[in-house]
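Below is one structure, written out as structure tokens, with a few remarks after it.
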Amino acid sequence: MGHSIYQLWMAFIRLLYQQIILVLTLLFCIGITTALWNISHLSSKLIKSQALQNASLYAQTIKESRTLYSSDVVNRVQPHGITVTHDYALKEGTIPLPATFLIELGGRISAKNPGMSVRLYSDYPFPWRRSEGGAKDEFEEEALIYLREHPEEQFFRFEDFQGRRSLRYAVADTLQPSCVGCHNTHPDSPKRDWKVGDLRGVLEITHPLDSFVAQTRNGLRGTFIILALLSVLGVSGLTLVIGRLRRTSKELEQRVMERTAALQDANIELEKEICDRKQAEEALRIEQEKSERLLLNILPQPIAEKLKQDPTTIAELFTDVTILFADLVNFTQLSAQIAPTELVRLLNSIFSEFDWLTERHGLEKIKTIGDSYMVVGGLPTPRSDHAIAIAEIALDMQQQLNQFNADYCQSFTIRIGINTGSVVAGVIGTKKFIYDLWGDAVNTASRMESQGIAGRIQVTESTYQCLCDRYQFEERGIIEVKGKGKMRTYFLTGRKVPDLLV
């Protein structure tokens, strides 16, 4: 499925490359169409915004004219006996009411702007305007309701009016302080409880959008023509450039083919050289791993790392460690009775099990001397439970040797000596490195083994104090220890808790 999709995609890419001019032309057309649609959309918004702005200016101008007329004209002439009336044209020495003035001003504005109308209507028209002073359609009824609740806002709608797309814009005509008295005292007033701010009527301005649309279309026509010319020029220029690029591409393809052939030959040689080098590196890595394993079999890892960084004498004091010596009893006599190879095989089997126990308990094997095995706890990495770990391996050594005797029909016994104290550990010399221990604690542990009893684990007083809470002991008493004099020693006989784990 994935391969089929990939093939279809590559076929599409090849087709696109072959018909690049057609694709670019289509993209240009799509881009121009999108741009024109966007311009048309913006122009529509601009038309509506301009119409709203014009209507708002007209309404503001008319309302300000009425306010100015009412406050600065009517109020000044009334004290001089001039009558203010709606039928001023029929009477000498009279002037029109402010509402009449506003209506006639709107009429003159409408006459100067064909299609535009200015209308004033109210819920309470005076008797002489009852026929045309009220709401005449749904828009005017909604305008009265809305502006009564929101006199500070405007109410407008874009709709078809008298067969033309128009803006109908309405604002509230509220009662001003200078007009309250006149409206409440006029004999023909339809309402006598007017207050300042009441909605006495609505001023509506209806403005057709034909002129705005015509102006916008004239501007857009020029824009459309310019975009079309730019598109033609752009496609023509791209056609020339793409033609030139195709010719250059063919020339480059030929050069690439020649260079590729040369590079392939060079790559073959390079790959052969890399293969040879990898084989050499792999062989070197294998030998290095062998050397590392051999080194770690001889020395503890921390000591090996120190020697690799600084191949000088290493000596470090450890104040609290536990040393164990184990010796196979009567092994020397056995060596005279069996073949050397068989002897070595048996010894290797036993000490390999001891090695496994050493690793299991996290201890450090120091060395084997003949049929003796030496292990220490608490170095090269110090640990607080070193005496416990040594006690565990000592008991496990006895158990492991018993199992070995059963499996191989042998009768080996082991003598173990343990001591706790301070030692110096390190590597000395320049050849055949060995990590070894020195100190009185080492000698004492060796004496515990050599002067011990076959099949028993003899420990010193210091080790006994470390282990007496966890293990069972049998006091041997005071014995004479070569080089140390009289010492009290104990035999480790088992664990106080049978399933105690290190």
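Once the mean 1/r over all distinct Cα pairs of region 67-142 is inverted, what Kirkwood radius in angstroms do you read off?
On the way: mean 1/r = 0.0714 Å⁻¹.
So the Kirkwood estimate lands at 14.0 Å.
Could you pull out the trypsin sites (Lys or Arg not before Pro) across region 119-199 that fall in loop regions by DSSP (anything but H, G, I, E, B) with no more than 16 other Cβ atoms inside 10 Å?
Passing both the DSSP loop test and the Cβ count: Arg130, Lys136, Lys191, Arg192, Lys195.
Report the one residue of Gln162, Gly222, Gly201 whose Cα lies farthest in the direction of the positive end of the charge dipole of region 144-223 (charges on C-beta: Lys and Arg +1, Asp and Glu -1; origin at the Cα centre).
Farthest towards the positive end: Gly222.
What Kirkwood hydrodynamic radius, in Å, does region 357-410 give when the mean of 1/r is taken over all pairs of distinct Cα atoms and then inverted? Could the numbers behind the result be given before it?
Numbers: mean 1/r = 0.0825 Å⁻¹.
Its Kirkwood hydrodynamic radius stands at 12.1 Å.
Near the amide H of Val329, under 5 Å away, which other amide H atoms are found, from residues 5 or more places off or on another chain, if H is placed in the peptide plane?
Answer set, sorted by chain and number: Thr413, Ile414, Arg415.
Please check the chain for the longest run free of GluC sites (Glu not before Pro) that are loop-located per DSSP (anything but H, G, I, E, B) and have at most 16 other Cβ atoms within 10 Å.
Between exposed loop sites, the widest span is 154-502.
Where nothing but the Cβ of Lys and Arg (+1) and of Asp and Glu (-1) is charged, how large is the charge dipole of region 16-208 around its Cα centre, in debye to the nearest 20?
The calculated dipole for region 16-208 is roughly 400 debye.
So what are the ³J(HN,Hα) numbers for region 116-121, from phi and the Karplus equation (6.51, -1.76, 1.60; θ = phi - 60°), rounded to whole Hz, Gly and Pro as x?
Rounded to whole hertz, the list is 8, 9, 10, 9, 10, 9.
Just the number, please: Stokes-Einstein D of region 368-449 in µm²/s, Kirkwood Rh from C-alpha pairs, 4 °C, 1.567 mPa s.
Estimated diffusion coefficient is 89 µm²/s.
Please state, as a whole number in µm²/s, the translational diffusion coefficient that the Stokes-Einstein equation yields for the chain at 25 °C and 0.890 mPa s, with Rh defined as the Kirkwood radius across alpha carbon pairs. Display every interim value, and only then the final one.
Values: Rh = 36.2 Å.
For these conditions, the coefficient is 68 µm²/s.
For Lys431, give me every one of the aspartates and glutamates with a C-alpha distance below 16 angstrom, ignoring sequence neighbours fewer than eight places off in its own chain.
Partners found: Asp310.
Can you give the convex hull volume of the alpha carbon atoms of region 312-381 per residue, in Å³?
116
Please list, short to long, the whole-number percent of alpha-carbon pairs of region 301-495 in consecutive 5 angstrom bins beginning at zero.
Each 5 Å bin holds this share of Cα pairs: 1, 7, 16, 19, 19, 15, 11, 7, 3, 0.
What relative contact order, as a whole-number percentage, does the chain give when Cα pairs under 8 Å and 6 or more residues apart are counted? Spell out each step's value before the answer.
Working: 620 pairs, mean separation 50.2, N = 502.
Relative contact order here is 10 percent.
Return the Rg/Rh ratio of region 16-208 with Cα-based radii and a Kirkwood Rh.
1.22
Checking the a/c ratio against 1.5 first, then a/b against b/c, what shape does the Cα gyration tensor give for region 132-246?
In terms of gyration-tensor shape, prolate.
Quick check: net charge around Ala266, other residues with Cβ under 14 Å of its Cβ, Lys/Arg +1 and Asp/Glu -1?
-3
Where does the charge balance sit around Ser349 when Lys and Arg score +1, Asp and Glu -1, over other residues with C-beta under 15 Å from its C-beta? Mind showing how you got there, number by number?
Values: positive: Arg345; negative: Glu342, Glu353, Asp355, Asp371, Asp407.
Residues near Ser349 contribute -4 overall.
Counting other Cβ atoms within 10 Å, which trypsin sites (Lys or Arg not before Pro) in region 335-431 have at most 13 and lie in a DSSP loop?
Hits after loop and neighbour filter: Lys431.
Explain nothing, just the number: dipole magnitude of the chain about its Cα centre with +1 on each Lys and Arg Cβ and -1 on each Asp and Glu Cβ, in debye rounded to the nearest 20.
Roughly 1680 debye for the chain.
What ranking do His86, His41 get, fewest neighbouring Cβ atoms within 10 angstrom at the top?
His41, His86
Tell me the net charge near Pro96. Cut-off is 12 Å between Cβ atoms, Pro96 excluded, with +1 for each Lys or Arg and -1 for each Asp or Glu.
Once all neighbours under 12 Å are counted, the net charge is 0.
Whole-Hz Karplus ³J(HN,Hα) for region 66-77, in order, using 6.51 cos²θ - 1.76 cosθ + 1.60 and θ = phi - 60°, x for Gly and Pro?
In residue order, the calculated couplings are 5, 4, 4, 5, 5, 7, 9, 10, 4, 5, 7, 8 Hz.
Tell me, what is the percent relative contact order of region 301-495, built from C-alpha pairs under 8 Å that lie six or more residues apart? Spell out each step's value before the answer.
Details: 346 pairs, mean separation 46.5, N = 195.
Rounded, it is 24 percent for region 301-495.
Step through the residues of region 123-128 one at a time and calculate ³J(HN,Hα) from phi using the Karplus curve (6.51 cos²θ - 1.76 cosθ + 1.60, θ = phi - 60°), rounding each to whole Hz and writing x for Gly and Pro.
Values, residue by residue: 6, 10, x, 5, x, 6 Hz.
Using the charge dipole of the chain (Lys, Arg: +1 at Cβ; Asp, Glu: -1 at Cβ; taken about the Cα centre), state which of Tyr435, Ser446, Gly494 has its Cα farthest towards the positive end.
Comparing the listed Cα positions along the dipole, Tyr435 ranks first.
Along the charge dipole of the chain, Cβ charges K/R +1 and D/E -1, which of Ser384, Phe473, Trp128 sits furthest on the positive end?
So the residue we want is Trp128.
Only the coordinates and a few stated rules stand behind these numbers; no lab work does. Computed from a predicted structure; not experimentally measured. Here Cβ is always computed from backbone atoms with ideal geometry, including for glycine, and neighbour counts include all displayed protein chains.
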